[in-house]
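The values are calculated or read from the model by the stated rules, or taken from the named source; none is laboratory data. None of these values were measured; they are calculated from a predicted model. Note that each Cβ is placed from the backbone with ideal geometry, even for glycine, and that neighbours are counted across all protein chains shown.
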Amino acid sequence: MIDYQSFQYIYPPRPKNAVPNSDLKMWDNGSMIGQPKINGSNCTIYMNGKDVYTFNRHGQRMSNFDIKSEEILSLYKGKGWMVLNGEYTNKARVDHNN
């Protein structure tokens with residue numbers, strides 16, 4: 001069981017609306033050609049220096065997670081709990097179970 005006193009989430013900004021084609025010239029400075037969209041699952045990782053817990057966006061344990069605890073724990077710095085949130089890029093899969 002995870003025993004932590006308090007926490008808060010930091011959510012990434014999400015676009016609300018598509019940019020109209022007529023406005024693209026204003027936003028495009030010519031430095032990027034494109035950015036690939038990689039399929040993945042949102043993943044939140046809780047660690048305390050010895051234990052690692054991984055959850056999906058619904059707060060359920062990630063069932064098909066292939067990153068070793070030792071590799072995740074190598075990111076741990078400090079005392080107490082550290083929480084990471086990101087995208088687990090399980091490309092070419094239907095969801096985090098397949």
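A few comments on the model shown:
- Close contacts from region 24-42, counting a first residue that is under 30 Å from VAL83 (Cβ atoms) and at pLDDT 80 or above and a second that is surrounded by 10 or more Cβ atoms within 10 Å (Cβ to Cβ) and small (Gly, Ala, Ser), with Cβ to Cβ under 8 Å and a gap of 6+ residues or different chains, come to ASN42/GLY86.
- Single unsatisfied condition, LYS68 versus (1) surrounded by 10 or more Cβ atoms within 10 Å (Cβ to Cβ); (2) at pLDDT below 90: (2)
- Flag for LEU84 being over 14 Å from the mean Cα position of the chain (by Cα), at negative phi, surrounded by 10 or more Cβ atoms within 10 Å (Cβ to Cβ) and modelled with pLDDT of 75 or more: no
- Pairs, first over 15 Å from VAL52 (Cα atoms) in region 78-98, second modelled with pLDDT under 80 and of a type in the set (A, V, I, L, M), C-beta under 9 Å, six or more apart: GLU87/ILE38; THR89/ILE38; LYS91/ILE38
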